[in-house]
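Q: Structure below; questions to follow.
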Amino acid sequence: MGVIRRIWSQSILVRVGVALGVVTLIALTVIVVASVFTEQSTGKASAINVAGSLRMQSYALATRIANLPQAPDDGATAAYGAIDGFEARLRSRMLVDAVPEDPAAELRKAYDGIVDNWQRNVQPLARAAIDDPAQRAAFLDRIDAFVAEVDDFVVLLERDVEARIQWLRLWLGAAFFMIFALVVTAVVFLRVEVFQPLSELLRSARAVRTGSFKARVNATGPDEMGQLGQAFNLMVEQLARLYGSLEKQVAEKTADLERKNRSLALLYETTQLLSEKPLDAITLQTVLANLSRALGAEDAVICARHAGSAFGLPLAGDAALRAELFDRNRCAQCANDGRLASRTEMTDRGEQRIVSVPLLDGGVAYGMMPLRLPPGRALEAWQLELAQTIGRHIGAALAAAERREEHQRLALLEERSAIARELHDSLAQSLSYTKIQLTRLSALLDGGGNPQAAQTVLEELREGVSSAYRQLRELLTTFRMKVGGASFDAALREVIDEFERRSGVATDVRGELAGVELSANAQIHVLQIVREALTNVEKHARARSVAVELWREADGSFRVAIEDDGVGIDTETSPAQHFGLDIMRDRASVLGGSIDVGRRDGGGTRVALRVPARRTFIPPLVAATATSNRETV
């Protein structure tokens, strides 16, 4: 009991909840009672209608019996029908259900009396009156009393329904009164226990907002509002203690925000300089000047260093500090394995600190950035963090510049390797053949040989030189070919248009390169294979039409087929001194694919190229290395 009393006194929520629970319980009781009344009253109106219709049926029966002399046969049938109709209505389920089952109930007695009177007197007399005219007068005399008995039964039914409605009205009124009383009690309770303390708390809060920290609330009881009042009073006391140091804290936070804003502005400007402008001494000098101004450093230098090197290359910064730090005796002092370093030196102005910030990118050091501070000055934690962040930006810019330079070197080497490979696979072979022919010709001339044989060798030599010249022109065309702003389909169309202009052979192109991921170099190789195949058609096939088809396989690989209706090829081996097929096979190998050359069904030649899907093109440098391993001329 003590626990319940304590919970009741300490919780407004419990008290309000109990009141609302009682209201809810009363409301549920009203709903249940109304539902029971509705259930019990279901069919009462229909029962009253049925009971009222019994009077009409009684008069109708009396009328039909009275009219029997005028129509004996039809009247008798109608009279029997009226008797059956009255019987059906008297035994109607709606009427029986409306009558209580208690034999002592007045309504039950009245209903039973009507049923008994009907069965004992009225119904037998009515049937006798149909057949016996002497009984008709007796029936008509009795029917009025029977109708009066039915009227009394109808009145009792109506009174029963009215009594139920009156009882429900009284019950609803009592429930409404109790709910109203509980609601009024709850409102008064909330006003005293909740709203008044809240109003007092609001007034005190407004006073605190104006700077008056003497405001207090009186509601400090054990319930929720009392706990809220205690917490409010404690909060005001703490605010009063903190208010004295609030301005200092605001000033410190404001200074910190301004410092962070300056740092962010410096980082943004540094990033913009390093990304949008060339990485030269002017750009780096601007970055150093901005950083020195932000950190209060006297001098600063950016020094590029490489792994394993004890010395660095000054890229920008104060000339005096560069001359002082980057001599052979002191340059290595700045390096600290890519970590932040700091040392102190004695000068004529006093003790000065030099902070060496590493220029890092991905954990790799690309240099150092020494900062010389004024005498007796040291960097704060946020300044060190800012310097290291700037150092990482500079390191990333140096790394990107180094990668660009490396890419340029690789591109140059790849271009030279491509030229060397093309010369080796075409022009060098022709020149080698020419050298052999010159040796034969020299032997014939020195030995006083047959002039006819010398003339034959000379003709072969002339043909070899012409072939070498043709191959040189083809190489020049190859090196000028590129896939730039135009698409691969447009470049292929140019190659085919050129073939059609030279040969006059109609060419049908089917398919596209849509969705196939090939690099620009890979596309050039594919174009050269198509060009070489078309050149072979022009020179050897004597064809009337050519078809070039491009499609993708289910595995994603890229396919090219060149077909002609010419004389066809006898072997997959190139004729003597013609290296077109070998070069085509080498290009297909570079692409990581394969090429098949053979006869076409129906006559002619078919060249089929397959390039695997999503394969990275082998750089020319690798291809050149593979080529150099073969026998050279």
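The values are calculated or read from the model by the stated rules, or taken from the named source; none is laboratory data. From a predicted model like this one, the values you see are computed outputs, not experimental measurements. Using ideal geometry, Cβ is built from the backbone for each residue, glycine included, and neighbour counts are taken over all protein chains shown. In case anyone asks, the SASA skips ligands and DNA or RNA and just uses the protein heavy atoms, side chains included. Shrake-Rupley method; radii C 1.70, N 1.55, O 1.52, S 1.80 Å.
Q: Which sequence of His407, His393, His525, His540 reflects their accessible areas, 1.4 Å probe, from the largest down? Please report the intermediate quantities before stating the final value.
A: Values: His407 115, His393 60, His525 15, His540 90 Å².
My answer, sorted largest first, is His407, His540, His393, His525.
Q: State which entries of Lys248/Lys277; Lys214/Lys248; Lys214/Lys260 exceed 32 angstrom in Cα-Cα distance in the structure shown. Walk me through the numbers before you get to the answer.
A: Working: Lys248/Lys277 43 Å; Lys214/Lys248 22 Å; Lys214/Lys260 38 Å.
Violating the 32 Å limit, Cα to Cα: Lys248/Lys277; Lys214/Lys260.
Q: Let me ask something else. Using amide H atoms built 1.01 Å from N in the peptide plane, name the residues 5+ places from Ser356, or on other chains, whose amide H lies under 5 Å from its own.
A: Amide H to amide H, under 5 Å and 5 or more residues apart or across chains, Ser356 pairs with Ala341, Ser342, Arg343, Leu371.
Q: Quick one: if the Förster radius is 56 Å, what FRET efficiency do Asn117 and Phe176 give, using the C-beta to C-beta distance and rounding to 0.05?
A: For Asn117 and Phe176, the calculated efficiency is 0.80.
Q: Tabulate in residue order the Karplus-calculated ³J(HN,Hα) for the stretch 188-194, using 6.51 cos²θ - 1.76 cosθ + 1.60 with θ = phi - 60°, rounded to whole Hz; enter x for Gly and Pro.
A: The phi angles translate into 4, 4, 5, 5, 6, 8, 10 Hz.
Q: Which shape class applies to the stretch 166-234: rounded if a/c is under 1.5, otherwise prolate when a/b exceeds b/c and oblate if not, where a ≥ b ≥ c are the square roots of the Cα gyration tensor eigenvalues? If you can, show how the numbers build up before the last one.
A: Numbers: a/c = 7.09, a/b = 3.62, b/c = 1.96.
Since a/c reaches 1.5 and a/b is larger than b/c, the shape of the stretch 166-234 is classed as prolate.
Q: Here is a follow-up. Can you sort Lys539, Lys214, Lys248 by 1.4 Å-probe accessible area, starting with the largest?
A: Working: Lys539 90, Lys214 180, Lys248 135 Å².
Greatest to least solvent exposure: Lys214, Lys248, Lys539.
Q: To the nearest 10 square angstrom, what accessible area does Met368 show with a 1.4 Å probe?
A: Ignoring ligands and nucleic acids, Met368 comes out at about 10 Å².
Q: Once you place label points 7 Å from the Cα toward the Cβ at Thr185 and Arg404, how far apart are they in nm?
A: Between Thr185 and Arg404, the simple spin-label model gives 8.7 nm.
Q: Mark the label point 7 Å from the Cα of Glu258 along Cα→Cβ and return the residues of the stretch 368-410 whose backbone N is within less than 19 Å of it.
A: Only 380-383 pass the distance filter.
Q: Ordering Ser58, Ser503 by how much accessible area each has at a 1.4 Å probe, largest first, what is the list?
A: Details: Ser58 5, Ser503 40 Å².
Output order, biggest surface exposure first: Ser503, Ser58.
Q: Which residues among the stretch 188-213 fall inside the zone where the amide N is under 16 Å from a point 7 Å beyond the Cα of Val16, along Cα→Cβ?
A: 188-202
Q: Okay, moving on. If ligands, DNA and RNA are left out, what is the accessible area of Leu190 with a 1.4 Å probe, given in Å² to the nearest 10?
A: 50 Å²
Q: May I pose another question? Roll a 1.4 Å probe over the protein heavy atoms and report the accessible area of Tyr59 in Å², nearest 10.
A: 110 Å²
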